[in-house]
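I have placed the structure first, in the form of structure tokens, so that the comments after it can refer back to it.
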Amino acid sequence: MFILVTGGSKCRKSAIAESLFNNFRYRKFYIATMMPYGDDAEKTIKRHHKMRMGKGFETIEKYTDVNNINIPEKCGVLLECIGNLCANEMFNDMCNNILKNPIEKITENIKYISQKSELFVAVTNEVGSDGTEYSPETMEYIKNLGKINCNLTSIADVVIECIYGIPVFIKGDVKLC
């Protein structure tokens, strides 16, 4: 099952995504895509480590090319998050083969992981609805992430939008743990 969790900043997306694994009895992997650059990133990473402490997740830090992760059978995978993955593919000098347009690559990589895992939950971000005009690079990122989110919504079994901490089912349904 592939579940996509989306929403705005600090709306409890991660907590809701993690709760989907509360009763999952097989191995659980957490793919962390946030590069540890700057104080804000470091704080977010520490907060996420603390949130999943004691929940049985094995953390894999992978900033690009997430399809290169060896995923065992019957495992659960939580990928946090598609927004970071998109930015990493588009902008980071340390990543090989920087893509101006990562839409197809990320969509295919996510499809691959969802097919390999028993339960796959991907967290993404709602961006671009504020109506603000940004730099051309940021506008390209917003466009790409929006298209990726549309693609992932079409292949996901369940889509949950988090609104102020409340999960709203946009597509499909699951019992939240």
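The values are calculated or read from the model by the stated rules, or taken from the named source; none is laboratory data. For clarity, every value in this text was computed on a predicted model and none was experimentally measured. Heads up, the Cβs are rebuilt from the backbone with ideal geometry, glycines too, and the neighbour counts pull from every protein chain shown.
Cβ-Cβ contacts under 6 Å between residues 6 or more apart (or on different chains), taken from a first residue in the stretch 133-158 that is free of Cβ contacts under 8 Å to residues at least 24 places away in the same chain to a second residue that is outside any helix (DSSP H, G or I) and surrounded by 17 or more Cβ atoms within 10 Å (Cβ to Cβ), are listed as 142/127.
Criterion applied to 153, 132, 138 was being among the β-branched types (Val, Ile, Thr), modelled with pLDDT of 95 or more and out of contact with any helix residue (DSSP H, G or I) (no Cβ under 6 Å at 6 or more places or on another chain), and the one residue passing it is 153.
Of everything in the stretch 137-171 that is part of a loop (DSSP other than H, G, I, E, B) and surrounded by 14 or more Cβ atoms within 10 Å (Cβ to Cβ), the residue that is nearest to the chain's Cα centre (by Cα) is 156. Residue 9 passes every criterion in (1) in contact (Cβ under 8 Å) with a residue 40 or more places away in the chain; (2) exposed (fewer than 12 other Cβ atoms within 10 Å of the Cβ); (3) more than 28 Å from residue 173 (Cα to Cα) apart from (3).
Could you check the stretch 125-136 and list, in sequence order, the residues that are out of contact with any strand residue (DSSP E or B) (no Cβ under 8 Å at 6 or more places or on another chain) and either in a helix (DSSP H, G or I) or under 24 Å from residue 22 (Cβ atoms) (or both)? Talk me through it step by step, then tell me what you get.
The first filter runs over the stretch 125-136 and keeps only residues out of contact with any strand residue (DSSP E or B) (no Cβ under 8 Å at 6 or more places or on another chain), leaving 127-136.
Matches in the stretch 125-136: 136 only.
The set of residues from the stretch 93-124 being in a loop (DSSP other than H, G, I, E, B) and either touching a Pro at 6+ places or on another chain (Cβ under 6 Å) or at pLDDT 95 or above (or both) comprises 117, 118, 124. Within the stretch 1-16, being assigned to a strand (DSSP E or B) and either more than 26 Å from residue 43 (Cα to Cα) or not hydroxyl-bearing (Ser, Thr, Tyr) (or both) holds for 2, 3, 4, 5, 7. Here is the figure for the stretch 17-42: residues that are assigned to a loop (DSSP other than H, G, I, E, B), under 17 Å from residue 61 (Cα atoms) and not aliphatic (A, V, I, L, M) total 4.
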